[in-house]
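The structure appears below as structure tokens.
The values are calculated or read from the model by the stated rules, or taken from the named source; none is laboratory data. Keep in mind that what you see is a predicted model, and the values were worked out from it rather than measured. FYI the Cβ positions are ideal-geometry reconstructions off the backbone, even for glycines, and counts take in every protein chain you see.
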Amino acid sequence: MLYAPPMHIPFRKMHGLGNDFVVIDARVRGLDLTGRRAAALADRATGIGCDQLIVLEPSDQADVRMRIFNPDGGEVEACGNASRAVGLLLAHERDGETRIETLGGIIAAKTGDHGISVAMGRPRFEWDAVPLAYPMDTLTMPVAWEDLSAPAAVNVGNPHVVFFVPDCDAVDLARLGPLIEHDPLFPARINVNVATITGPDAITLRVWERGAGLTRACGTGACATAVAAMRLRLTGRTVTVTLPGGALTIAWDETDTIIMTGPATTSFVGSFNEDDYPA
């Protein structure tokens, strides 16, 4: 029997504000990506390690299809920081602007003087679009988890719940985050944001990310929190959202589109042996 050498898969390690990704370009040579393989690659002890695994594939609707896998192997709809990373990676191919297909819809990333701007689409506020298990007001929800109460809910490509608190750093999010994420009220689970208004157009934010846990930055969380603050008239229509990893600028424009702007960068490139991570 002839020996078939293992296939080495190239990858690029990237991050946006410390929210880090393993990006695999599978547009030419496909990759059998299962939840098991994604979780193994994302493992920081025995794999490459990342907050999300990003796989780029051909798209019939946009310039590229972006698939997003959390460290638990679950595939999710959207990731704002990864969208900026992919926009940066493909900027040279698309003259600075890239249309990206995601499970949450088609978004557009564009390079500029202040980083990468991503048009994240229009937010959804209907209870069944978030989704919630049953109808209720999504601007001030009549629910509470201990001291966290009356949140806002919004879908910005993926589902978020936002709590405005006097001091977001004082919230035990590592304990409360998973309780809220897995509450039966949220049939698709939920991303949990705790935020503090620090100025007329400034928010400090921490995020418990569905399927990933505490993260240094969450682009969709920043978008969801900014839009919730704007709906509650706590801020203007353009805000700076500061997360543990750094700051993003979020604008909600006159067309109802959310525009997120911030940095992204490549950390290093490498490859892995496909046989080391069975599908």
query = Is it the case that segment 135-148 has a residue that's buried (at least 22 other Cβ atoms within 10 Å of the Cβ) and among the hydrophobic types (A, V, I, L, M, F, W, C)?
reply = no
query = Can you spot a residue in segment 93-106 that is part of a strand (DSSP E or B) and in contact with a Phe, Trp or Tyr (Cβ under 8 Å, 6 or more places away or on another chain)?
reply = no
message = Need pairs with beta-carbon distance below 6 Å; first residue assigned by TED's automatic domain parsing to the domain that holds MET66 and under 18 Å from THR265 (Cα atoms) and within segment 91-103, second part of a strand (DSSP E or B) and among the small types (Gly, Ala, Ser); sequence gap 6+ or separate chains.
response = THR98/ALA109
note = Expected single match for within 15 Å of the chain's Cα centre (by Cα), outside the structural domain of GLY104 (by TED's automatic domain parsing), at pLDDT 95 or above and surrounded by fewer than 18 Cβ atoms within 10 Å (Cβ to Cβ) among ARG237, ARG175, ARG189 is ARG189
Sole residue being in a strand (DSSP E or B), touching a residue at least 12 places away in the same chain (Cβ under 8 Å) and among the aliphatic types (A, V, I, L, M), chosen from ALA133, ALA174, ALA153 = ALA153
query = Does segment 44-61 hold any residues that are surrounded by fewer than 14 Cβ atoms within 10 Å (Cβ to Cβ) and either under 20 Å from the mean Cα position of the chain (by Cα) or not assigned by TED's automatic domain parsing to the domain that holds ASP72 (or both), and which are they?
reply = ARG44
query = So ASN19 clears everything in (1) surrounded by fewer than 22 Cβ atoms within 10 Å (Cβ to Cβ); (2) touching a residue at least 60 places away in the same chain (Cβ under 8 Å); (3) more than 17 Å from ASN273 (Cβ to Cβ); (4) of a type outside the set (A, V, I, L, M, F, W, C) except one condition, right? Which one?
reply = (1)
request  = All but one of (1) crowded, with 16+ Cβ neighbours inside 10 Å; (2) farther than 18 Å from LEU248 by Cβ; (3) modelled with pLDDT of 95 or more hold for ASP128, so report the exception by its number.
outcome  = (1)
